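All remarks here apply to the structure that follows.
The values are calculated or read from the model by the stated rules, or taken from the named source; none is laboratory data. As the structure is a computational prediction, the values presented were derived from the model and not from experiment. Note that each Cβ is placed from the backbone with ideal geometry, even for glycine, and that neighbours are counted across all protein chains shown.
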Amino acid sequence: MTMKQAPIHSIVAFFAISLLLFTACDDHRVQTVTWTEYEPVYMTQEEFIAAVGMNEPRDMEKPGKIYLFGDHLFVNEINKGVHIIDNSNPAAPHFVGFVTIPGNKDIAVRGDQLYADSAGDLLVFDISNFNNPVLISRIEDVFNLSQHNLPGPAFRMPDPSRGIVVDWEEVVIEEVCQGNCYGHAPSRWGWGGFFTTFGRASGDASGSTGSSGTGGSMARFAITGDYLYAVDWSNLVTFDITDPEPVKQNQQGVGWMIETIFPYNEHLFIGSANSMYIYDIHSNPSYPERVSVFRHATACDPVVVEGNYAYVTLRDGEHCPNITGNNQLEVIDVSDLFNPKRIGIYKMLHPHGLGIDSGDLFISEGDHGLKIMDASDPYNVKEVRHIDGIRTFDVIPNNGVLVVTGPTGIIQYDYTDVRNLKELSIILAGKTTYEPDK
């Protein structure tokens, strides 16, 4: 019997050894993996202060937030400063100059004052002469924007002893490993580690009222009346801007990963990674009061409002903590501000910023272009047109002129007939000139 069983044992042993050999060979495969991390760029306190000022026009390299005020367009150059553009003729925009502001991402304008963040500081410029903005006020360390300003995994954590972090540089990591290389590259949620050193060494759209302008849906600054409202990673900060020297009124916690702010009809609609918060600014504008919270799937989520309806885009991607992979437009009935209700969900490709004007809804689809939706019936939103071949980040529709910004530049359209959009001008990143419609 033993002799009869021997061949079976041999066969089993053969397969077992083969499996081990196969696994061993698989475990010792040599692979090369690459990924991008980021390391901080520093300035000394003296350099940080001295860098601020007006300069000659310069090429746009990494356009960020946009803001319209009168005949002028203000464009953030991410972490570098603000381009001032004479847009009195949208078909022929003209660069006026560039205001250098280290660590800048957000801007807003009221009357003769330009408000801008600079790392953790709030700066105020007198722009009564657009050709020569003058810094008139600096309030230090009022924002905690460290997490949002980190565009990806940190190659090196900030060292406060080296100065103020004003930007982040890419570092391409290459690693040779054996076997399964998964886990070598860090998480790609893009908003980085939970640290708070984007300030000094210790020893990233709004409607408008009054004389303020109009920002995009990605804005973290909003001006209503005599108040500037700003959101950082977790807080809503309120400033009284009656006088040229802003007075900080209060700072209150809102939630987790606060991203955007949009003022509408004496209320603030604040977008976070998993919620839309509604605050009342009518009763006591110096201290906004929370009205309600609308929860949604975790994702990046700018919001705009028109009438009794809010429109929120959700997207996934390496800069967004979207576990479920949602890419969609959500329509929310806010007629009862105490009880917002979702009334529609529409599949999108990769939506970013959005804007709405009289039922015409414009949605930036990132690398997938621009979508125009008919939202005249909020219960039945329909796609009117999809313009591909462009990269978009945010939009501002304003009196028939649509300003579209993206990593490759700024495009302006005449949208008086949304079914026959007419290109007015293109400002390409890397140039300070425009290209008319061909």
In segment 296-314, residue surrounded by the fewest Cβ atoms within 10 Å (Cβ to Cβ) [restricted to those that are aliphatic (A, V, I, L, M) and part of a loop (DSSP other than H, G, I, E, B)]: ALA297
Can you confirm whether SER272 is surrounded by 15 or more Cβ atoms within 10 Å (Cβ to Cβ) and hydroxyl-bearing (Ser, Thr, Tyr)? yes
So which of LYS347, LYS382 is within 24 Å of the chain's Cα centre (by Cα) and within 20 Å of TYR309 (Cα to Cα)? LYS347
For SER292, only one of the following conditions fails: (1) under 20 Å from PRO340 (Cβ atoms); (2) polar (S, T, N, Q); (3) in a loop (DSSP other than H, G, I, E, B). What is its number? (3)
When the residues of segment 96-115 are filtered to those that are part of a strand (DSSP E or B) and out of contact with any Gly (no Cβ under 8 Å at 6 or more places or on another chain), which remaining residue is nearest to GLU423 (Cα to Cα)? VAL96
Tell me which residues, restricted to segment 78-95, are touching a Gly at 6+ places or on another chain (Cβ under 9 Å) and assigned to a strand (DSSP E or B). HIS83, ILE84
Of the residues in segment 116-132, those that are assigned to a strand (DSSP E or B), aromatic (Phe, Trp, Tyr) and more than 19 Å from ARG220 (Cα to Cα) number 0
Selection over segment 325-336 where residues are surrounded by 16 or more Cβ atoms within 10 Å (Cβ to Cβ) and at pLDDT 95 or above yields a count of 6
Only residues in segment 296-314 that are within 16 Å of VAL231 (Cβ to Cβ) count as the first member; pair them with residues that are among the charged types (D, E, K, R) and at pLDDT below 95, Cβ under 9 angstrom, at least 6 apart or cross-chain, and list the lot. CYS300/GLU259; CYS300/ARG315; CYS300/ASP316; ASP301/GLU259; ASP301/ARG315; PRO302/GLU259; VAL312/ASP301
I need the full set of residues from segment 414-438 which are modelled with pLDDT of 50 or more, of a type in the set (Ser, Thr, Tyr) and part of a loop (DSSP other than H, G, I, E, B), in order please. TYR415, THR416, THR432
Take the conditions buried (at least 24 other Cβ atoms within 10 Å of the Cβ) and on the phi < 0 side of the Ramachandran plot and apply them to PHE69. Does it pass? no
Please indicate, with yes or no, whether at least one residue in segment 60-81 is modelled with pLDDT of 85 or more, over 22 Å from PHE393 (Cβ atoms) and among the acidic types (Asp, Glu). yes
Somewhere in segment 333-349, is a residue farther than 20 Å from TYR264 by Cβ and in contact with a helix residue (DSSP H, G or I) (Cβ under 8 Å, 6 or more places away or on another chain)? yes
ILE66 fails exactly one of the following numbered conditions: (1) over 17 Å from VAL404 (Cβ atoms); (2) under 24 Å from the mean Cα position of the chain (by Cα). What is the number of that condition? (1)
Cross-chain or 6+ apart pairs with Cβ under 8 Å, segment 258-275 first and over 18 Å from TYR67 (Cβ atoms), then aromatic (Phe, Trp, Tyr) and outside any strand (DSSP E or B): ILE258/TRP233; SER272/TRP256; ALA273/TRP256; ASN274/TRP256
Can you pull out the residues in segment 377-392 that are closer than 16 Å to ILE345 by Cα and out of contact with any Lys or Arg (no Cβ under 9 Å at 6 or more places or on another chain)? ASP377, PRO378, TYR379, ASN380, VAL381, LYS382
Only residues in segment 399-420 that are on the phi > 0 side of the Ramachandran plot count as the first member; pair them with residues that are outside any loop (DSSP other than H, G, I, E, B), Cβ under 9 angstrom, at least 6 apart or cross-chain, and list the lot. ASN399/ASP357; GLY400/ASP357; GLY400/ASP414; GLY409/PRO63; GLY409/ILE426; GLY409/ILE427; GLY409/LEU428
